[in-house]
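Chemist: Mind looking over this structure? Questions follow.
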Amino acid sequence: MGNKSEDKAVFDTDSANQMVNKLRASFVAGKTKSYEWRVSQLIAMLNMMEESEPQIVSALRDDLSKPELESSIYEIAMLKNSCKLALKEMKHWIKPENAKTSLTTFPSSAEIVSEPLGVVLVISAWNYPFLLSLDPMVGAIAAGNAIVLKPSELAPASSSLLAKLVARYLDGSCIKVVEGAVPQTSALLEQKWDKIFYTGNGRVARIVMAAAAKHLTPVVLELGGKSPVIVDSGIDLKVATRRIIAGKWGCNNGQACISPDYVITTKDYAVKLVDSFKCELEQFYGKNPLESKDLSRIVNPNHFDRLSKLLEEDKVSSKIAHGGQKDETNLKIAPTILLDVPINSLIMKEEIFGPLLPIIMVDKLEESFDVINSCGAKPLAAYLFTNNNKLKEEFVAEVSAGGLVVNDTTVHLAEHNLPFGGVGESGMGSYHGKFSFDAFSHKKAVLYKGFSGDSSLRYPPYTRGKLRLLQALLSGSILRIIRALLGW
Ligand code: NAD
């Protein structure tokens, strides 16, 4: 008898192909298209989250030492809200939308019909393993698709629990989970999908997009980047500091795609800001933050080493203004502030994705826009703290990012009326609320005509008069139409 790992069937291209074929058969049979099926799956997902909260919290503790409050709110409650919103609004979302028609097609009526795309692949990341896996699925289910989910192997307890829960609660003939790393994802990427929704880094996004191109499969890419925070003077510094801390260390210890990556402020204000950080950080996480239960750990030794290297670079290590403590055994790094970090340091070249926060100093705050834009890559989010309306306007006009927030951080993610997604290097496409439904739907244009009013204008023999009248009709100018009809 072989051992357990030998007994486990290998998931290869053939297995992936068989799985997709079965799901496609369910889709073609119309199973996922009915309103009732969509409702039943969303209710099942809601129940799954409600009934499994303790296991989910425990898996997130195993994978990331994620504090219970963060798991309950950012992974479970937010997902439940998504399900509830889809259940409440889906009737409106799936309704064909009336469209106006013009003189060109007169007499006619038109509508836009949202139809499911087919069989879709969701590949998710490790930092919010439940939310990033299941939230796109809410949109895919609401839109009536069959789904394969590939969770991240870097959060193994969450991946394994997701596989078990999805198999137990959701319809296995239409929704599957494939666990695994590069070989399994590669086998999945060889298949023809009707959409691939990928969350993760830009390097793998390029692999995903190249694989999708072979089948002309559309993609949504939810990526990351260096999300800046501009801090003006003359603000409520305490509130601003607390909101930056909540978005940075209060979001998985900085391992979140929209966590503040670096701060820009004026030379005059920087010391005040650092003092405020020191004071609030100590209130939140105590004198020894490495022992705080309210901070996630770093996901694995590779990421711990990566972050350590950023901190150890010569031109950076001397800039630590607060924190810097590390505990390699428990993969913990304390909230760390670095003041006056050179722009050409490693920490300013890549997304930090961890508990280090450099502060860049400028003479005038308006220079911040150049600092952000000179990075070359458009960030996933950008934040500004100010009371100055002119600065707010300039910020909105001049900074291109997936999303902007004025006087807070990360909260735009929780607003389901706003699209969530990146631009350029931070991604393409968006989701949340109705945008999720739209991401997994094809907007089918439908034009209805009757048999009356069949003008001979577009039929041969083509004449000069017909040409003039058609041109006038297409121009939409009543005067030209009258002149063409009168032969003037
Ligand atoms: P990760 O390592 O979990 O990778 C993401 C997925 O890609 C996993 O499912 C993994 O199995 C798969 N993958 C890895 N290598 C692959 C390969 N060679 N071929 C095919 N698939 C492969 O996550 P990560 O990339 O470390 O995630 C962190 C990044 O994701 C950061 O840049 C972060 O900003 C971004 N992110 C973005 C969002 C968002 O919503 N925009 C959310 C979370 C994370």
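The values are calculated or read from the model by the stated rules, or taken from the named source; none is laboratory data. Quick caveat, the model's predicted, so the values are computed rather than measured. Every residue, glycine as well, gets a Cβ built from its backbone with ideal geometry; the counts of neighbours run over all protein chains shown.
Chemist: Between a first residue in segment 296-321 that is over 22 Å from R61 (Cα atoms) and a second residue that is part of a loop (DSSP other than H, G, I, E, B) and of a type in the set (A, V, I, L, M), which pairs have beta carbons less than 7 Å apart while being 6 or more apart in sequence or on different chains?
Modeler: Every condition considered, the pairs that remain are L310/I352; V316/V341; K319/V341.
Chemist: Among the residues of segment 287-299, how many are out of contact with any strand residue (DSSP E or B) (no Cβ under 6 Å at 6 or more places or on another chain), surrounded by 14 or more Cβ atoms within 10 Å (Cβ to Cβ) and over 15 Å from K248 (Cα atoms)?
Modeler: 2
Chemist: Now a separate question. Within segment 17-32, can you find the residues that are more than 11 Å from S173 (Cα to Cα) and either in contact with a strand residue (DSSP E or B) (Cβ under 6 Å, 6 or more places away or on another chain) or of a type in the set (V, I, T) (or both)?
Modeler: Listed by number, the list holds a single entry, V28.
Chemist: Still on this structure, please answer the following. Would you check which residues across segment 291-320 are hydrophobic (A, V, I, L, M, F, W, C), in a helix (DSSP H, G or I) and more than 30 Å from the chain's Cα centre (by Cα) and list them? Full working, then the answer.
Modeler: First, pick out the residues of segment 291-320 that are hydrophobic (A, V, I, L, M, F, W, C): 295, 298-299, 304, 307, 310-311, 316, 320.
With the extra rule that they be in a helix (DSSP H, G or I), the set shrinks to 304, 307, 310-311, 316.
Across segment 291-320, the qualifying residue is only V316.
Chemist: Follow-up question, since we're still on this one. Given segment 107-158, what strands (runs of 3 or more DSSP E) lie entirely inside it while holding 2 or more residues that are within 16 Å of the ligand (Cβ to nearest atom)? Before the answer, list the steps.
Modeler: Numbers: elements: 109-116, 119-123, 146-150.
Once the strands (runs of 3 or more DSSP E) in segment 107-158 are filtered for at least 2 residues that are within 16 Å of the ligand (Cβ to nearest atom), what remains is 119-123, 146-150.
Chemist: Restricting attention to segment 350-375, report how many residues are within 16 Å of the ligand (Cβ to nearest atom), not in a strand (DSSP E or B) and not acidic (D, E). Talk me through it step by step, then tell me what you get.
Modeler: So in segment 350-375, the residues within 16 Å of the ligand (Cβ to nearest atom) come out as 350-357, 375.
Within this subset, residues satisfying the condition of being not in a strand (DSSP E or B) are 350-355, 375.
Those still in the list that are not acidic (D, E) too: 352-355, 375.
Counting residues in segment 350-375 that are within 16 Å of the ligand (Cβ to nearest atom), not in a strand (DSSP E or B) and not acidic (D, E) gives 5.
Chemist: For segment 459-481, state whether one or more residues are under 30 Å from M90 (Cβ atoms), crowded, with 17+ Cβ neighbours inside 10 Å and either within 15 Å of the ligand (Cβ to nearest atom) or small (G, A, S) (or both). Working first, answer last.
Modeler: The first filter runs over segment 459-481 and keeps only residues under 30 Å from M90 (Cβ atoms), leaving none.
No, segment 459-481 contains no residue that is under 30 Å from M90 (Cβ atoms), crowded, with 17+ Cβ neighbours inside 10 Å and either within 15 Å of the ligand (Cβ to nearest atom) or small (G, A, S) (or both).
Chemist: Moving on. Given the structure, is E89 closer than 14 Å to F437 by Cβ and more than 14 Å from the ligand (Cβ to nearest atom)?
Modeler: Numbers: closer than 14 Å to F437 by Cβ: yes; more than 14 Å from the ligand (Cβ to nearest atom): yes.
Taking the combined requirement at face value, the residue satisfies it.
Chemist: Is it the case, given these coordinates, that L391 is aliphatic (A, V, I, L, M), in contact (Cβ under 8 Å) with a residue 60 or more places away in the chain, closer than 22 Å to S233 by Cβ and assigned to a helix (DSSP H, G or I)? Outline the logic, then answer.
Modeler: Details: aliphatic (A, V, I, L, M): yes; in contact (Cβ under 8 Å) with a residue 60 or more places away in the chain: yes; closer than 22 Å to S233 by Cβ: yes; assigned to a helix (DSSP H, G or I): yes.
Yes: the conditions hold for L391.
Chemist: Okay, moving on. Starting from residues that are within 14 Å of the ligand (Cβ to nearest atom) and part of a loop (DSSP other than H, G, I, E, B), keep the ones in segment 244-267 and report whichever is farthest from E75 (Cα to Cα).
Modeler: My answer is D261.
Chemist: Could you go through segment 426-434 and let me know if any residue there is farther than 23 Å from P218 by Cβ, of a type in the set (S, T, Y) and in contact with a Phe, Trp or Tyr (Cβ under 9 Å, 6 or more places away or on another chain).
Modeler: Going through segment 426-434, the residues farther than 23 Å from P218 by Cβ turn out to be none.
Scanning segment 426-434, I find no residue that is farther than 23 Å from P218 by Cβ, of a type in the set (S, T, Y) and in contact with a Phe, Trp or Tyr (Cβ under 9 Å, 6 or more places away or on another chain), so the answer is no.
Chemist: Going by the structure shown, is E282 in contact with a Leu (Cβ under 7 Å, 6 or more places away or on another chain) and free of Cβ contacts under 8 Å to residues at least 40 places away in the same chain? Explain how you work it out, then say what you get.
Modeler: Values: in contact with a Leu (Cβ under 7 Å, 6 or more places away or on another chain): no; free of Cβ contacts under 8 Å to residues at least 40 places away in the same chain: yes.
The answer is no for E282.
Chemist: Give the residues of segment 436-480 that are in contact (Cβ under 8 Å) with a residue 60 or more places away in the chain and part of a helix (DSSP H, G or I), sorted by residue number. Give the steps one after another, and end with the answer.
Modeler: Our first condition is that a residue be in contact (Cβ under 8 Å) with a residue 60 or more places away in the chain; within segment 436-480, this holds for 436-450, 452-453, 473-474, 476.
Across segment 436-480, the qualifying residues are S436, F437, D438, A439, L473, L474.
Chemist: So which residues in segment 183-201 are among the small types (G, A, S) and more than 7 Å from the ligand (Cβ to nearest atom)? Before you say what the answer is, go through the steps one by one.
Modeler: Taking segment 183-201 and keeping what is among the small types (G, A, S), we get 186-187, 200.
Passing the criteria: only A187.
Chemist: Considering each of L331, L310 in turn, give the residue that is within 16 Å of the ligand (Cβ to nearest atom), among the hydrophobic types (A, V, I, L, M, F, W, C), out of contact with any strand residue (DSSP E or B) (no Cβ under 7 Å at 6 or more places or on another chain) and in the same structural domain as P358 (by TED's automatic domain parsing). Spell out the reasoning first.
Modeler: Working: L310 fails: out of contact with any strand residue (DSSP E or B) (no Cβ under 7 Å at 6 or more places or on another chain).
Selected residue: L331, the only one of L331, L310 that is within 16 Å of the ligand (Cβ to nearest atom), among the hydrophobic types (A, V, I, L, M, F, W, C), out of contact with any strand residue (DSSP E or B) (no Cβ under 7 Å at 6 or more places or on another chain) and in the same structural domain as P358 (by TED's automatic domain parsing).
Chemist: Out of (1) more than 9 Å from the ligand (Cβ to nearest atom); (2) surrounded by 20 or more Cβ atoms within 10 Å (Cβ to Cβ); (3) not in a loop (DSSP other than H, G, I, E, B), the odd one out for T217 is which?
Modeler: The one condition T217 does not meet is (3).
Chemist: Name the single residue, out of those in segment 173-182 being touching a residue at least 60 places away in the same chain (Cβ under 8 Å) and among the hydrophobic types (A, V, I, L, M, F, W, C), that is nearest to the ligand (Cβ to nearest atom).
Modeler: Checking each candidate, the answer is V178.
Chemist: Give me the pairs: first residue in segment 117-128 and under 13 Å from P218 (Cβ atoms), second residue aromatic (F, W, Y) and within 11 Å of the ligand (Cβ to nearest atom), beta-carbon distance under 8 Å, and six or more apart or on different chains, which are they?
Modeler: Sorted first by the residue in segment 117-128, then by its partner, the pairs are V120/F197; L121/F197.
Chemist: Where the second residue is of a type in the set (F, W, Y) and more than 8 Å from the ligand (Cβ to nearest atom) and the first is touching a residue at least 40 places away in the same chain (Cβ under 8 Å) and lies in segment 183-204, which pairs have Cβ atoms under 7 Å and are six or more apart or on separate chains?
Modeler: Here the result reads Q184/F11; A187/F11; K195/F440, each pair linking segment 183-204 to a residue that is of a type in the set (F, W, Y) and more than 8 Å from the ligand (Cβ to nearest atom).
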